[in-house]
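To start, the structure under review is shown below, and the notes come after it.
The values are calculated or read from the model by the stated rules, or taken from the named source; none is laboratory data. Computed from a prediction, not measured in an experiment: that's the story for all the values here. Methodologically, a virtual Cβ is constructed for each residue, glycine included, from the backbone with ideal geometry; neighbour enumeration extends over all protein chains shown.
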Amino acid sequence: MSTALANNPAKMIEKGAPRIIRNEAELEAYTEALFKLSALEHPSPSEIDAAELLTLLIERYEDEHYPIADSDPVSVVKYLIKKGGLTQRSLVPEFGTESAVSMFLSGQRSLTLEQVKKLCARFKLDASVFLPLAVGAKASK
């Protein structure tokens, strides 16, 4: 922890240190500052720290004010098919057979771990996108 912060955090905030975003104007200002920092070719260590801090503050505000609804794996795969102009047949390499694709899309089967790995590799997405939320995880959100 910085000595300036440890000695007098309130004074540091008064002098203009980044603080919690409370409105859209602050969000816009912090986002603009983050874009400027991100555009630097060779940022200093303090510029890297500032960018990381701004990212955390922006994410916090956006998570609270613009939540993204959770999606189920079937909806995600259907969206990827539609967006990519794909067919069920084009997912056979990930599922093994066309009937396996069909059964998954109709809700009759869940994804296997192997299918999740293959879908992640193909679409370059995190595995969490293809995994259903646990009942407890939904309740805590």
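Close Cβ contacts (under 7 Å, 6 or more residues apart or on different chains) running from residues in the stretch 42-63 that are farther than 16 Å from Gly16 by Cβ and not assigned by TED's automatic domain parsing to the domain that holds Thr31 to residues that are part of a helix (DSSP H, G or I) and among the small types (Gly, Ala, Ser) are absent. Quick one: is Leu119 of a type outside the set (D, E, K, R), part of a helix (DSSP H, G or I) and out of contact with any Asp or Glu (no Cβ under 9 Å at 6 or more places or on another chain)? No; evaluated as a whole, the condition is false for this residue.
Among the residues that make up the stretch 47-61, is at least one of them under 30 Å from Leu105 (Cα atoms) and in a helix (DSSP H, G or I)? Break it down into steps so the answer makes sense when it comes.
First, the residues of the stretch 47-61 that are under 30 Å from Leu105 (Cα atoms): none.
No, every residue in the stretch 47-61 fails to be under 30 Å from Leu105 (Cα atoms) and in a helix (DSSP H, G or I).
I'd like to know if the stretch 72-83 contains one or more residues that are surrounded by fewer than 14 Cβ atoms within 10 Å (Cβ to Cβ), out of contact with any Cys (no Cβ under 7 Å at 6 or more places or on another chain), hydrophobic (A, V, I, L, M, F, W, C) and not assigned by TED's automatic domain parsing to the domain that holds Ala17. No, that holds for no residue. Within the stretch 106-127, the residues that satisfy the criterion of being of a type in the set (D, E, K, R) and in contact (Cβ under 8 Å) with a residue 12 or more places away in the chain are Lys118, Arg122. Close Cβ contacts (under 8 Å, 6 or more residues apart or on different chains) running from residues in the stretch 14-30 that are assigned by TED's automatic domain parsing to the domain that holds Leu54 and part of a helix (DSSP H, G or I) to residues that are surrounded by 13 or more Cβ atoms within 10 Å (Cβ to Cβ) and at pLDDT below 90 comprise Tyr30/Pro18.
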